[in-house]
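The values are calculated or read from the model by the stated rules, or taken from the named source; none is laboratory data. No experiment lies behind these values; they were computed from the predicted model shown. We place every Cβ from the backbone using ideal geometry, glycine too, and count neighbours over all the protein chains shown.
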Amino acid sequence: MSTPDSNLGEAEWMRLFVRHEQELRAYARALLPTWEAVEDTLQEASVVMWKKRDQLEDESGFLPWAKVIVRFEALRARRAVARDRLVLTEDIISILAQEAMETPDGLLEQERCALQKCLKRLTDDHRKLLFAPYLQEGGVKSLAEQTNRSANSLYKLLGRLRGKLKHCVAQTLSMEAETT
Amino acid sequence: MKSGNSRIEELIERYQMGVTDEDEVAELEQALKENAGMREALIAAARLDTILHEEALNAAVDAESKRVDFPQPIISSKAVFAAAAAVVALALLIQFQDNRPTGPDSAQALVTPVAESKSESAPRDTVARLVAVVDAEWRDDGLQPGGALAIGGFVLNRGTADMEFNDGARISLRGPAVFELKAANHLHLISGKLVANIPDDGLGFLLTTPQSEVIDLGTEFGLAVDGAGRTDVHVISGLVEVYEPRNPDDPLGMRSIQTGIKIAEGQARRLETDGGFRLEDIPFHSRQEILGNQRFDNLGLSLLRGSIRVKDTVSKSDLKIPASGRPRIEVIPERTGVLLEEETAVTFRSPGNYRYFGASGQMIPAGTKVDSYLLHFRSTEGEPIRGVIKFDRPIVGLICNANQLVATDALGGLHGVNFPSNYGGWRGLEPHAPDQVQNPPSTQGGGGTPDEVTVSQDMTTLGLSVNVHPIKGVDQLRVLVLSKD
């Protein structure tokens, strides 16, 4: 067990990273326009964190410390991505990085539980469309061909489904807050 | 026209999906600079995207492991399909009501809309379900409300019929009409009139006529096909796109989105195909004009399923003599546009599954304007009767308690309706206390099992299972929905 004046051991660092990995991924996602860039950033950031883990004094400081590293790596990744695609400017990403630091602990987990409930209320076809963009490049276009629809109409439908999910998550969290 | 915030939220979505152009990124950048709320929205959208990303990967891993370890059995017996079709309507109602947690803690539990359960339980060749008919006469016998509809051709000689597809698409037809169900997501209207309501998530639903292919963009619209090769399209709400039929030699050919003709809300077009694909403006018809007047949706009811019927009054004989034949829950539309001048006590007003009906202390605020419906049930059977009612507006309160019913008779009830006066506390639903759910007291008015009410998450759909003493019992409840006024 770590004490406030000791550095984290390897096992403790690994446990903390795994526990907070999704929060760090969501943080990076707010700063970067593609999942590829997010995954690269997280990988680079994890290497930096591992090397610098002796800077950490206790567990409670892990998430803010890790976010600072992710932020630095995300800005670096943004510059690489900006060579071949349209991205937001560094100024606005810096502001987003600052504000995303304030995300309350545990919010992502609450939203995940709510979203899982909401997903269960959709049909298999709808879930398939929602998941398509994450599973392969051009996943929506491929689904359009399979379902005999235009890709354009499926993108519109996807947008509406995501909007519905967002609404459902907010409503579910609000109802849960009322009952607690 | 989108509001400023929804436009930016759409841009955030597009940015994260990687489909924004240069102008859109500049617009998003500016909005994010100026508006902290939009920055918060982007950060929240990133969290949602992250969770979806994780769920997508988990689902893919699960699917792969099932594919390898647990091959799905192949069911080929037509007899199995036929038997499944026969029981599926009943199964749906039971599923709707019984698979829910009970008690006050579950009041906020997610209630699955009726339509969602079907795709999992319907046999493979069933693509839709007949949910309601009014004076319908079919060329083929045996089509009953609640029945499954399989792929094939249908002729509706007269009357109206409502069907619901497995993915939630809702089609109301007016006879005479000839149509074909071609697939789980495809209706082909050869002649006749229909109104289609395809929900936002009606993935891949296709409506075709001999002259056109209609793609719905989250709307409600009417179609009329006459014998002279013309298709009329009336857009009741939202926006639709109409295309020329696909080339039958190249059914999977991708069309350019620009070839579609967009028709906006409140507009109507007639498609002529003689001498090429062309259209002309025609006068717009409302849903009612397309489908005629013999419809329960004029009464604010958009779906009746199970043992439910609409009735215009409750007479003295209705109170004395249980309904003959198959018992049904009767829906009596009462007063509309009633302004509640003071707080009104109701039994409950939230989504959930309820099995006891004591006083809850819940109130509808003064100033709410409501339409009222009385639900009435008697039976000689002593067995639970089930049904589902969907209203076209949200329910604001349900009154299941006898004293609350009496208190609102003068408010919502129609003049000339006979309300029960000698049923004591048993006019409403039973039991009245949580501990009676498992151990119901010996009653005269209650049946052998507790009554049960389920209110959907969106507060528009009511699932009922009611049960009365064969001789003396009567069940009534009053539903107050938000007034159209």
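Below are the figures for this structure:
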quantity	calculated
Any hit, segment A:88-101, residues being surrounded by fewer than 18 Cβ atoms within 10 Å (Cβ to Cβ) and among the hydroxyl-bearing types (Ser, Thr, Tyr)	yes
Residue that is in a helix (DSSP H, G or I), more than 9 Å from chain A (Cβ to nearest Cβ) and at pLDDT below 90, where the choices are B:Arg14, B:Arg7	B:Arg7
Segment B:377-418: number of residues that are in contact with a strand residue (DSSP E or B) (Cβ under 9 Å, 6 or more places away or on another chain), modelled with pLDDT of 70 or more and not in a helix (DSSP H, G or I)	23
Number of the condition not met by A:Gln136 [criteria: (1) surrounded by fewer than 20 Cβ atoms within 10 Å (Cβ to Cβ); (2) facing another protein chain (nearest Cβ under 7 Å)]	(2)
Elements of type helices (runs of 4 or more DSSP H) in segment A:6-116, at least 3 residues being within 14 Å of chain B (Cβ to nearest Cβ) and in contact with a Ser or Thr (Cβ under 8 Å, 6 or more places away or on another chain)	A:10-31, A:62-81
Options A:Pro33, A:Pro64; residue that is under 19 Å from B:Tyr15 (Cα atoms) and either touching a Phe, Trp or Tyr at 6+ places or on another chain (Cβ under 7 Å) or surrounded by fewer than 12 Cβ atoms within 10 Å (Cβ to Cβ) (or both)	A:Pro33
Check on A:Leu154, assigned to a helix (DSSP H, G or I) and facing chain B (nearest Cβ under 7 Å)	no
